[in-house]
Amino acid sequence: MGLDGLRKVKIDPENPDMKIIREAGRLLREGKLVAYPTDTVYGLGANPFDVKAVQNLLRAKRRKWELGLPLLVSDESTARKVAEFTPDADLLSKNFWPGGLTLVLKPLIKIPSIVTGNKDSIAIRLPAHKVPRLLAKCIDGILIGTSANISGQPSALNAEQVQEQIGNDTDIILDGGETLNAQPSTIIDLTQRPAVILREGKISAQMLKKFIDVKD
C-alpha cells in the first residue's frame, strides 16, 4: 500500500522504515512535495530538477523564486559533484558537516534557475539526520531543503506545525516528532572573500571565524 492520499506518516528519525522512505522517494520522483524532519527545523522537499514541482513548492511557501532554494545532499561525495569546493569549503565541511551549516558555492552542474534564483551560485548542506539524506538518495542524491513553513512565518518544529501552515499544499508529511534544534542552519557565502554570513543560525559566527576569514 502506497502513501498516496495520506497527509501524515510517523517515521522513526533514528531508524527510518525504508519502505516509507522508498514510497516518499517515489512521490518525489512523481513531482510531489514531501515534508520531513531534519537536524534543524522541518524541511519541505521536491526534486530540484522538476521545475513544475519546484513551482508548486514555491506556491505552497508563498516564497519569491528570486530568493533561490537551498539543497540537501545524501553525502559529501555528492556535494562535491554538484558544487566547486574551495579551500574554505573544505575546512568548513570537515569541521561542521554533517550538521547545521549551509555553504553557498559555485555549481559544477546545471541547476534550474528557479532553484538558484537565477544566480550563479547554489546553497548546499549535508544534514545530520538520516531521513533527508535517505530521501535525497532516492532522487540522485539532491533534495530541495527549504523550511516547511510559509515564508516569513515561524519555522515548523514538528509535523503539526507543518500541517497548520502548509498541510493542504503538501502531499505527505513524514512525522519524526519534535526537532532537537529550533534554529535553522547558518548560511555562509563562500563565493566572496572574505566569506559573508547570510543568515546566522545553528553555527555561530564565532565558531566559523576559528577556521576561515569572515566579514564582520
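Observations
- Hey, residue 215 basic (Lys, Arg) and crowded, with 16+ Cβ neighbours inside 10 Å or not: no
- Residue, most open to solvent (accessible area, probe 1.4 Å), within segment 96-126, restricted to residues that are closer than 18 Å to residue 86 by Cα and among the hydroxyl-bearing types (Ser, Thr, Tyr): 121
- Residue within segment 174-196 that is within 19 Å of residue 57 (Cβ to Cβ), without any contact (Cβ under 8 Å) to a residue 60 or more places away in the chain and not β-branched (Val, Ile, Thr) present: no
- Any hit, segment 148-158, residues being part of a loop (DSSP other than H, G, I, E, B), hydroxyl-bearing (Ser, Thr, Tyr), touching a Lys or Arg at 6+ places or on another chain (Cβ under 6 Å) and open to solvent by less than 60 Å² (accessible area, probe 1.4 Å): yes
- None of 160, 84, 66 is at pLDDT below 95 and more than 22 Å from residue 205 (Cα to Cα) except 66.
- Selection from segment 195-207 of residues that are touching a strand residue (DSSP E or B) at 6+ places or on another chain (Cβ under 8 Å) and farther than 14 Å from residue 87 by Cα: 196, 197, 198, 199, 200, 201, 202, 203, 204, 205
- When residues in segment 127-147 are screened for being closer than 19 Å to residue 198 by Cβ, open to solvent by 10 Å² or more (accessible area, probe 1.4 Å) and part of a loop (DSSP other than H, G, I, E, B), 1 of them pass.
- Any chance residue 130 is within 22 Å of residue 15 (Cα to Cα) and of a type in the set (D, E, K, R): yes
- So residue 213, is it charged (D, E, K, R) and touching a helix residue (DSSP H, G or I) at 6+ places or on another chain (Cβ under 6 Å): no
- Qualifying residue in segment 164-186 (condition: surrounded by 18 or more Cβ atoms within 10 Å (Cβ to Cβ), of a type in the set (A, V, I, L, M, F, W, C) and within 30 Å of residue 87 (Cβ to Cβ)): no
- Condition met for residue 204 (polar (S, T, N, Q), within 28 Å of residue 90 (Cα to Cα) and open to solvent by less than 20 Å² (accessible area, probe 1.4 Å)): no
- Residue list for segment 145-187, filter: under 11 Å from residue 35 (Cβ atoms) and of a type in the set (Val, Ile, Thr): 146, 162, 166, 170, 172, 173
The values are calculated or read from the model by the stated rules, or taken from the named source; none is laboratory data. Not measured: the values here are computed from a predicted model. So basically every Cβ, Gly included, is an ideal-geometry build from the backbone, and we count neighbours across all protein chains shown. Each accessible area value is taken on the protein alone, full model and side chains, heavy atoms only, with ligands, DNA and RNA left out. Shrake-Rupley method; radii C 1.70, N 1.55, O 1.52, S 1.80 Å.
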